[in-house]
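Asks: Sharing a structure here in structure tokens format.
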Amino acid sequence: MDRIIATELTKTFQLKPGQTVRVDGIDTNAITVLNGLDLTIRRGEFITLVGPSGSGKSVFLDIVGGLTQATSGAAYIDGERIVKPDPRMAYVFQQYALFPWRTALENVEYALEVRGVSKAERRQKARHFLSLFGLGGFEDRYPSQLSGGMQQRVAIARSLTTDPEVLLMDEPFAALDAQTRDILQSELLRIWERIGCTVIFVTHSIDEAVFLADRVVAMTARPGIVKEIIDIDLPRPRDTEIRNTPEFAELRGRVWNVLRDEVQKAQKDWALASATAH
């Protein structure tokens, strides 16, 4: 059953007065980052979005999350048009976005606190999710006392306390070292397989995209549309050893082959814009 449907999504940003950008050899004061994107995401599916920088991946996530409105087109959840943040969704950003004056436990409780959940219930639930992420015993630590990986675990745990039906994740592991990133990818899959929510995960890493996803959505260079959707028919549950298999290497190569021209086009566009600016 379909959970998220995006139809003909277009998003254009107006630049500040006096600012221009060169598009196809013409100076303009507006930049279109999405241009008629169509995408359907099924219930309980893990989708990863990959594409060159500037292809509109994060903008798409913001539209689905109700944080920004499309210039034209629409996004729907369970048939309802998305016009504002929806309580059925949770968002995990690249930055940890934790309150420095709150402990790990208090940070995880926050999403439930603003919904009026009783202290006893939210505390019990927060402890449960911290334990799921291996943070039992760290409940009273402040963000400054936690590593980057632990902070991101807290941020993800906070997003899951509300039992979201859709989890939006915008490069949540990008700032982490490779070893921590691999560990958190596996932890995320383990918990997702338990709770079964729909996940839309933005990443620049092809390896990460293939390891996590049911389907990888490859986007074009700006203005972004869906170029190709690659089914990832690797068995679940997955562990890190699957990265060493020929099947994984074949899928990773296929995604890169789809993206190669788009990445090169984006680099040329950035180089042209830089030369024009000088």
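The values are calculated or read from the model by the stated rules, or taken from the named source; none is laboratory data. All values reported here derive from a predicted model rather than from experimental measurement. Cβ atoms come from the backbone with ideal geometry, glycine included; neighbour counts cover every protein chain shown.
Asks: Run Gly73 past the list (1) within 18 Å of the chain's Cα centre (by Cα); (2) in a strand (DSSP E or B) and report the number of the one that doesn't hold.
Replies: (1)
Asks: Based on what the data block shows, is Val255 modelled with pLDDT of 95 or more and surrounded by 12 or more Cβ atoms within 10 Å (Cβ to Cβ)?
Replies: For Val255, the condition - modelled with pLDDT of 95 or more and surrounded by 12 or more Cβ atoms within 10 Å (Cβ to Cβ) - is met.
Asks: Let me ask you something else. Taking segment 95-122 as the search range and keeping residues that are assigned to a loop (DSSP other than H, G, I, E, B) and among the hydrophobic types (A, V, I, L, M, F, W, C), which one is surrounded by the most Cβ atoms within 10 Å (Cβ to Cβ)?
Replies: Taking the candidates together, the pick is Leu98.
Asks: Separate question: Any residue that is hydrophobic (A, V, I, L, M, F, W, C) and not in a helix (DSSP H, G or I) - is there at least one of those in segment 180-198?
Replies: yes
Asks: Tell me, please, whether a residue that is buried (at least 22 other Cβ atoms within 10 Å of the Cβ) and either of a type in the set (Phe, Trp, Tyr) or farther than 30 Å from Lys268 by Cβ (or both) can be found in segment 227-242.
Replies: No, segment 227-242 contains no residue that is buried (at least 22 other Cβ atoms within 10 Å of the Cβ) and either of a type in the set (Phe, Trp, Tyr) or farther than 30 Å from Lys268 by Cβ (or both).
Asks: Looking only at segment 91-116, filter to residues that are in contact with an Asp or Glu (Cβ under 9 Å, 6 or more places away or on another chain) and closer than 19 Å to Cys197 by Cβ; which one of those is modelled with the lowest pLDDT?
Replies: Among them, the one singled out is Phe93.
Asks: Could you check, for segment 204-216, whether at least one of its residues is surrounded by fewer than 20 Cβ atoms within 10 Å (Cβ to Cβ), of a type outside the set (Asp, Glu) and not in a strand (DSSP E or B)?
Replies: Yes; the residues of segment 204-216 include at least one that is surrounded by fewer than 20 Cβ atoms within 10 Å (Cβ to Cβ), of a type outside the set (Asp, Glu) and not in a strand (DSSP E or B).
Asks: Looking for whichever is part of a loop (DSSP other than H, G, I, E, B) and within 21 Å of Gly196 (Cα to Cα) here; the options are Pro52, Pro87. Which one fits?
Replies: Just one listed residue meets the conditions, Pro87.
Asks: State all residues of segment 123-149 that are small (Gly, Ala, Ser), in a loop (DSSP other than H, G, I, E, B) and under 20 Å from Gln95 (Cβ atoms); if no residue qualifies, say none.
Replies: Selection gives Ser147 alone.
Asks: Scan Leu234, Leu272, Leu212 and give me the residue that is at pLDDT 95 or above, touching a strand residue (DSSP E or B) at 6+ places or on another chain (Cβ under 8 Å) and more than 20 Å from Asp38 (Cα to Cα).
Replies: Of the residues listed, the single one that is at pLDDT 95 or above, touching a strand residue (DSSP E or B) at 6+ places or on another chain (Cβ under 8 Å) and more than 20 Å from Asp38 (Cα to Cα) is Leu212.
Asks: Scan segment 56-71 and tell me whether some residue there is of a type in the set (Ser, Thr, Tyr) and under 23 Å from Trp192 (Cα atoms).
Replies: Yes, segment 56-71 contains a residue that is of a type in the set (Ser, Thr, Tyr) and under 23 Å from Trp192 (Cα atoms).
Asks: Check off (1) aromatic (Phe, Trp, Tyr); (2) farther than 24 Å from Ala221 by Cβ; (3) crowded, with 17+ Cβ neighbours inside 10 Å for Tyr76 and give me the number that stays unchecked.
Replies: (3)
Asks: Can you pull out every residue in segment 15-49 that is at pLDDT below 80, assigned to a strand (DSSP E or B) and either under 21 Å from the mean Cα position of the chain (by Cα) or polar (S, T, N, Q) (or both)?
Replies: Passing the criteria: only Thr28.
Asks: Looking at Leu130, Leu160, Leu168, which one is surrounded by 20 or more Cβ atoms within 10 Å (Cβ to Cβ), out of contact with any Pro (no Cβ under 9 Å at 6 or more places or on another chain) and farther than 20 Å from Leu61 by Cβ?
Replies: Answer to the selection: Leu130.
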